[in-house]
Amino acid sequence: QVQLVESGGGLVQAGGSLRLSCEASGTTFTLNTMAWYRQSPGKQRELVAAITSGHITNYADSVKERFTISIDNARNTAYLQMNSLKPEDTDVYYCNAKGTRMSWGRRYEYDSWGQGTQVTVSS
């Protein structure tokens, strides 16, 4: 199994910044992509930003020019720098990681989720 631990959520005023971190841990695994999603109660989880181990990025239109995703492959950690935050960015943010892992000599794909971290932006 590959576990993800998120940190960095909290309460911030509109226009402020937050930085989320997501560290992946486990044995004998490789990271292909890491991503941040967000979800409000009663709504579908939506992609915020994604990054490959080769640093190719993808952003939701609503966060372009405000959010930046990065990855530290040596630390198996992804970051989401969120600037110019708006009240509509309030959500629970979830980290996702996809890749492969070895177990008993066989290669498996994994798709892991973090526990979620609350981001609240006050107006």
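The values are calculated or read from the model by the stated rules, or taken from the named source; none is laboratory data. Just so we're clear, the structure is a prediction, and the values are computed from it rather than from any experiment. No Cβ is skipped: glycine too gets one built from the backbone with ideal geometry, and neighbour counts run over all protein chains shown. Just the protein is used for accessible areas: all its heavy atoms, side chains included, with ligands, DNA and RNA removed. Shrake-Rupley method; radii C 1.70, N 1.55, O 1.52, S 1.80 Å.
Of the residues Thr77, Thr68, which is closer than 16 Å to Leu31 by Cα and of a type in the set (S, T, N, Q)?
None of the others qualify; the one that does is Thr77.
Please tell me if Gln3 is open to solvent by 80 Å² or more (accessible area, probe 1.4 Å) and closer than 26 Å to Ser123 by Cβ.
In short, no.
Give just the number: which of (1) over 18 Å from Ser7 (Cα atoms); (2) under 13 Å from the mean Cα position of the chain (by Cα) does Phe67 not satisfy?
Condition (1) is where Phe67 drops out.
Go through the residues of region 25-32 one by one and say whether even a single one is in contact (Cβ under 8 Å) with a residue 24 or more places away in the chain and crowded, with 18+ Cβ neighbours inside 10 Å.
The answer is yes, given that some residue of region 25-32 is in contact (Cβ under 8 Å) with a residue 24 or more places away in the chain and crowded, with 18+ Cβ neighbours inside 10 Å.
Taking Pro41 and the conditions (1) open to solvent by less than 40 Å² (accessible area, probe 1.4 Å); (2) of a type outside the set (A, V, I, L, M); (3) closer than 22 Å to Ser122 by Cβ; (4) modelled with pLDDT under 95, which numbered condition does it fall short on, given that it satisfies the others?
With (1) open to solvent by less than 40 Å² (accessible area, probe 1.4 Å); (2) of a type outside the set (A, V, I, L, M); (3) closer than 22 Å to Ser122 by Cβ; (4) modelled with pLDDT under 95 applied to Pro41, the lone miss is (1).
Within region 53-87, restricting attention to residues that are among the hydroxyl-bearing types (Ser, Thr, Tyr) and modelled with pLDDT of 95 or more, which residue is least open to solvent (accessible area, probe 1.4 Å)?
Looking at residues that are among the hydroxyl-bearing types (Ser, Thr, Tyr) and modelled with pLDDT of 95 or more, I get Thr77.
Select the strands (runs of 3 or more DSSP E) contained entirely in region 1-51, then report the ones holding at least 3 residues which are closer than 20 Å to Leu85 by Cα.
10-13, 18-25, 29-39
Of everything in region 95-116, what is on the phi < 0 side of the Ramachandran plot and open to solvent by 40 Å² or more (accessible area, probe 1.4 Å)? Give them in sequence order.
Passing the criteria: Lys98, Arg101, Met102, Arg106, Arg107, Tyr108, Glu109, Asp111, Trp113, Gln115.
Condition check: surrounded by 17 or more Cβ atoms within 10 Å (Cβ to Cβ), touching a Phe, Trp or Tyr at 6+ places or on another chain (Cβ under 8 Å) and touching a residue at least 12 places away in the same chain (Cβ under 8 Å). Does Val48 satisfy that? Quick ask: steps written out before the conclusion?
Numbers: surrounded by 17 or more Cβ atoms within 10 Å (Cβ to Cβ): yes; touching a Phe, Trp or Tyr at 6+ places or on another chain (Cβ under 8 Å): yes; touching a residue at least 12 places away in the same chain (Cβ under 8 Å): yes.
So Val48 passes the test.
Hey, any hits in region 8-15 for a residue that's of a type outside the set (A, V, I, L, M), farther than 30 Å from Ser103 by Cβ and open to solvent by 60 Å² or more (accessible area, probe 1.4 Å)? Break it down into steps so the answer makes sense when it comes.
So the first thing to find is which residues in region 8-15 are of a type outside the set (A, V, I, L, M), and the list is 8-10, 13, 15.
Now narrow it down to the ones that are farther than 30 Å from Ser103 by Cβ: 8-10, 13, 15.
Then drop every residue that is not open to solvent by 60 Å² or more (accessible area, probe 1.4 Å), which leaves 13.
Checked against the condition, which is being of a type outside the set (A, V, I, L, M), farther than 30 Å from Ser103 by Cβ and open to solvent by 60 Å² or more (accessible area, probe 1.4 Å), region 8-15 yields at least one hit.
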